[in-house]
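Everything below concerns the one structure shown next.
Nothing in this text is a laboratory measurement; each read-out follows from the coordinates by a stated rule. Here the structure is a predicted model, which means the values were calculated and not measured. So basically every Cβ, Gly included, is an ideal-geometry build from the backbone, and we count neighbours across all protein chains shown.
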Amino acid sequence: MPYVITEKCLGEVYAQCVDVCPVNCIHPGDYKGQAFMIIDPEECTECTSCFSACPIGAIVESADKDPAFAKINAELAPTFKTHAQVPTRPANDPPKRPDVNKLVN
């Protein structure tokens, strides 16, 4: 099962996951008026690189861990994959949303 980017990424977008993805399956865009990243489930090879690269734990190992955001990633993939990549944000930059660490994966 492909990896999934969850609500924790909404408005955060560190993009370290993009730098380590060997198949370029992670794409940026706007979701609910905020910056967001998705993993295209058709392209993901489940290599684990993105999972360990995310500084805020916004990526889960399968659709079963967050079915709602798995669906969102899949639905947004066709549009988001046409967008230019975003610059990488420093991993030590604190989250913009204070509730990020409280969100459940």
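Observations on the structure shown:
- (i) 46, 33, 26; (ii) 54, 34, 23; (iii) 32, 28, 26, with the label sought being that of the calculated Cα extents along the principal axes in Å: (iii)
- Under 21 Å from the Cα of K32 - lysines, other chains or at least 8 residues apart: K8, K71, K81, K96, K102
- Based on DSSP H segments of at least four residues, each scored -39500 (n - 2.57), the chain has a per-residue ellipticity at 222 nm of -6000 deg cm²/dmol.
- Around the Cα centre of the range 6-100, unit charges on the Cβ atoms of Lys, Arg, Asp and Glu (plus for the first two, minus for the last two) sum to a dipole of about 300 debye.
- Sites matching trypsin sites (Lys or Arg not before Pro) across the range 10-104 that sit in DSSP coil, with at most 16 neighbouring C-beta atoms within 10 Å: K32, K96
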